[in-house]
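Following: one structure in structure tokens, then a few remarks.
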Amino acid sequence: MKLDRREFLESGAALSIGFALPLSARAAAASQSNTFAPNAWLRITPDNRITVICGSAEMGQGVLTAIPMLVAEELEADWKLVSVEQAPVDQAYNNPMFGMQATGGSTTVRAHWTPVRQAGAAAREMLLAAAAKKWGLPADKLRCEKSQIIAPGGQKITYGALVALAAEQPVPEKPLLKSSADFKILGKPTPRLDTPAKTNGTARFGIDARVDGMLVAVMARAPHAGIKPKSFNEAAAKAVKGVRQVIAIDSGVAVLADGFWAAKKGRDALAVVWDMGDKAQLGGSKVSDLLSTGATNADAIAVDEGSVKMAISSAARTLQAEYEVPYLAHACMEPLNCLAWVRGDEVEIWAGTQSQGPAQGILAQVASATPAKVKINTLLLGGGFGRRFAPDFTIDAVLLSKLSKRPVKLIYTREDDMAAGFYRPASLVRFEGGLDEKGQIALLRADVGSPSIMAASGFMQIPPSGVDAMAVEGLADHPYSIANQRIAYGRAEPGPQVWFWRSVGHSQNTFFIESFIDELAAAAKKDPLAFRLEHLDPKKHARHRGVLELAAAKAGWGKPLPAGRHRGIAVAEAFGSFVAEVAEVSVSSDGTPKVHRVVAAVDCGLTANPQTITRQIESAICFALSAALYGKISFEGGKVQQGNFHDYPLVRMNEMPQVEVHIMPSKADPGGIGEPGTPPLAPAVANAIFAATGKRIRKLPIDTSLLKKA
């Protein structure tokens with residue numbers, strides 16, 4: 001499969017009909033088991049309980065509650081009687097925007113908004129038809145409320161009492177959906193269904209999986225793809241008590257043992273020496289040099305409007321600036337893991353994976369099995385952020401099980417994953433901007449040098465234009481009215497494997513453009529908020545303006561702050577949602593910034609669960625602040641220098657700012673929410689630092705030495 005990103009996102013549109021339509025075969029089968037299951041998404045049992053089946057992976061973003069809410073709303077269900085189960089691998093659960101069963105891109109709710117509601121509505125109409133038949137009344141004289149059907153005279157019957165009769169009713173092809181004005185469940189703050197299990201310890205994450213007779217594997221992983229070991233001490237590893245086997249595969253050398261600790265000690269004893277080849281040259285400023293060369297050679301044109309060259313000659317003032325961000329790790333709290341058991345031509349895995357659909361086919365090839373023989377048990381993910389979309393850890397586990405002929409639970413320790421993982425691309429952009437005599441933006445030129453996620457993904461390809469859409473997203477589609485602009489991409493490949501990271505290209509490109517817009521505002525001697533609004537068309541970009549104005553109002557923009565505090569603002573559109581953030585920051589004399597408060601305004605269209613929206617924005621701010629203050633993967637001799645949270649830190653509780661989230665009322669189509677809160681944070685903080693110190697942050701993580709007072 002070869003798709004560009006737009007095609008990738010749109011490819012599933014036609015497929016939504018296929019899985020949304022109720023499956024009559026399921027209804028028939030269900031009737032035999034005394035369970036009403038009109039489609040793949042729900043079951044109703046005689047005890048009146050409703051079980052919703054969720055095909056997306058739960059990694060903290062709340063889909064195990066959001067998907068049931070979509071079903072329950074249209075079903076007119078009693079929410080107290082609704083529970084949720086994780087779906088098996090089945091095309092019925094394909095993400096309509098992806099065309100495959102996978103979770104990412106903040107797509108679950110917006111992709112399933114209509115088809116899953118249709119599933120609930122179809123069940124409701126079948127239950128109504130069953131009650132009408134039972135009572136000999138017209139269906140349109142009956143109504144549904146809290147998992148009951150009520151007749152005009154007050155007669156009631158539960159859904160559970162109708163399961164057998166409902167299963168015999170024709171499956172409606174076009175069930176009538178409710179108006180958003182009639183929603184009783186959607187749009188209301190709703191506690192998550194998975195919280196009790198996560199707080200009482202009964203929730204099962206991938207790392208909790210175990211089967212009798214399994215071995216635990218820990219790997220010395222190749223620092224880069226294609227790197228082979230020069231040598232390793234197999235005897236020393238096997239001398240560790242509990243170690244059973246040492247197996248070398250393409251991605252590294254694995255030690256299989258009775259338990260994790262023995263496997264880790266065995267892995268440490270391997271003392272692998274890698275044949276680094278030309279990768280050993282990766283270090284120091286090598287990455288920056290290659291990114292800079294990419295920007296210099298940027299000739300894949302993403303935007304070309306007006307004439308930048310002519311506008312420069314007539315501009316009242318021009319500015320140049322170069323911005324850069326490093327590679328970043330995903331650093332999931334739960335280390336990556338997969339339990340695999342290859343039994344002949346049958347494969348079973350237990351894992352927290354974001355890509356069950358593609359993994360089924362890939363693992364079938366690894367085990368020389370057919371996809372139908374690959375069973376995937378999806379367990380909870382202790383953080384994903386895009387990392388668990390990659391299949392590497394499942395491939396290695398299946399391969400080790402196949403070779404050892406034992407069930408194997410493979411664990412990538414955090415150090416192992418950070419040393420040989422998949423990274424957010426490093427990126428560099430060289431800006432040139434100009435103002436006219438009225439202080440309006442007359443021109444913008446941006447040349448980007450960055451690796452290509454599309455090329456690295458294995459299932460997308462760079463289009464003929466040469467522009468990797470992810471390398472310029474958030475920059476090439478910025479909302480500001482600028483008559484003359486040229487934005488171009490130059491591919492640079494320093495070598496590390498790049499991958500999707502929470503908010504993907506928006507994560508760095510919003511920092512770039514929202515910081516440079518701030519530079520232009522300062523050059524024009526205008527208020528940063530007013531300057532942005534001047535360049536946002538009220539008709540085309542009303543939602544950008546709306547969140548900017550709401551965030552500014554709630555933050556008290558323009559009003560006095562405590563001594564030493566200053567504000568910065570930024571806005572982004574990402575994954576169908578709009579977010580503006582205002583950061584309040586002070587900078588101590590040693591250059592350390594302190595983020596005291598972040599006020600966020602969010603327009604994500606119609607909402608499923610406002611409580612989840614607030615939590616996702618809060619977590620995105622924590623995630624993005626960690627990257628802005630500390631995040632950096634660097635190399636020396638071709639090897640990653642960071643290993644764990646001690647040298648790749650996250651924001652600690654005492655560093656977390658006060659966060660306020662304000663949700664805009666909207667009737668627009670739902671947007672994503674897992675990622676859109678991430679992009680505006682870094683520029684809002686950097687712009688506040690400029691307001692505090694007059695020094696512009698053009699490189700992340702923030703170098704406090706630049707802010708230290710003399």
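The values are calculated or read from the model by the stated rules, or taken from the named source; none is laboratory data. On a predicted model such as this, the values are computed, not experimentally measured, just so you know. Glycine also receives a Cβ, built like all others from the backbone with ideal geometry; neighbour counts cover every protein chain displayed. Note: areas computed on protein heavy atoms with side chains; ligands, DNA, RNA excluded. Shrake-Rupley method; radii C 1.70, N 1.55, O 1.52, S 1.80 Å.
Below is a table of values for the structure above.
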item	result
Relative counts (whole %) of C-alpha pair distances in region 237-283, using bins that are 5 Å wide	5, 24, 25, 17, 11, 9, 8, 2
Accessible area, probe 1.4 Å, largest first, for residues Leu256, Leu700	Leu700, Leu256
The chain - share of DSSP beta bridges that are antiparallel (%, nearest 5)	70 percent
Local net charge near Ser251, Cβ-Cβ under 13 Å (Lys/Arg +1, Asp/Glu -1)	-3
Whole-number D in µm²/s for the chain (Stokes-Einstein; Kirkwood sum over Cα pairs; 37 °C, 0.692 mPa s)	121 µm²/s
Thr114 accessible area, assembled protein chains, probe 1.4 Å, Å²	60 Å²
By accessible area with a 1.4 Å probe, ligands and nucleic acids excluded, highest first: order of Ser314, Ser106	Ser314, Ser106
Portion, in percent, of the accessible area of the chain that falls on carbon or sulfur, probe 1.4 Å	52 percent
Region 378-439 pair-distance distribution - Cα-Cα, 5 Å bins, rounded %	3, 12, 16, 18, 13, 8, 5, 5, 5, 5, 4, 3, 2, 1, 1
Per-q log10 I(q)/I(0), region 322-427, q = 0.12, 0.14, 0.17, 0.18 Å⁻¹ (Debye; single scatterer per alpha-carbon; no solvent)	-0.41, -0.53, -0.74, -0.81
Global form of region 432-574, assessed from the alpha-carbon gyration tensor, a/c cut-off 1.5	prolate
Inter-label distance, nm, simple model (7 Å from Cα along the C-beta direction), Lys174/Ile312	5.7 nm
Neighbour count of at most 15 Cβ within 10 Å plus DSSP loop: longest GluC sites (Glu not before Pro)-free window in the chain	438-710
Along the chain, longest interval not containing exposed chymotrypsin sites (Phe, Trp or Tyr not before Pro), exposed being DSSP loop plus at most 15 other Cβ atoms within 10 Å	1-458
Loop trypsin sites (Lys or Arg not before Pro), region 348-413 (other Cβ atoms within 10 Å of the site Cβ: 12 or fewer; DSSP)	Lys405
Computed [θ] at 222 nm, helices only, for the chain once each DSSP H run of length n ≥ 4 contributes -39500 (n - 2.57)	-9000 deg cm²/dmol
Contact order normalised by residue count of the chain, Cα under 8 Å, 6+ apart, percent	14 percent
Qualifying trypsin sites (Lys or Arg not before Pro) for region 436-513 [loop in DSSP, other Cβ within 10 Å: at most 14]	Lys438
Overall form of region 626-710 per C-alpha gyration tensor (a/c, 1.5; a/b vs b/c)	oblate
DSSP H segments from the chain that extend 24 Å or more along their own axis, Cα-based, with Kyte-Doolittle mean of 0.5 or above	610-629
Listed residue pairs exceeding 26 Å between alpha carbons, taken from Lys526/Lys632; Lys526/Lys554; Lys156/Lys198	Lys526/Lys632; Lys156/Lys198
Accessible heavy-atom area order of Lys80, Lys265, highest first, probe of 1.4 Å	Lys80, Lys265
Evaluated over region 166-278, the Cα radius of gyration and Dmax, each in Å	25.5, 70
Placed amide H near Val303: partners under 5 Å, 5+ positions off or other chain	Ile487
Cα-based equivalent ellipsoid, region 272-378: semi-axes from gyration tensor eigenvalues, Å	48, 22, 15
Three principal axis lengths of region 587-648 [C-alpha, angstrom, descending]	50, 33, 17
Alpha-carbon centroids, region 492-512 and region 359-381: separation in whole Å	29 Å
Binned Cα-Cα distance frequencies in region 43-188 - 10 Å width, integer %	11, 41, 34, 12, 2
Solvent exposure of the chain as accessible area per residue, Å², 1.4 Å probe	39 Å²
Descending semi-axes in whole angstrom, ellipsoid equivalent of region 102-218, from the Cα gyration tensor	38, 19, 16
Long pairs among Lys409/Lys594; Lys141/Lys188; Lys146/Lys373; Lys241/Lys375; Lys438/Lys709; Lys228/Lys265, criterion Cα-Cα beyond 30 Å	Lys409/Lys594; Lys146/Lys373; Lys241/Lys375; Lys438/Lys709
Overall form of region 230-324 per C-alpha gyration tensor (a/c, 1.5; a/b vs b/c)	prolate
Euclidean distance between Cα centres, region 623-678 to region 87-152, Å	36 Å
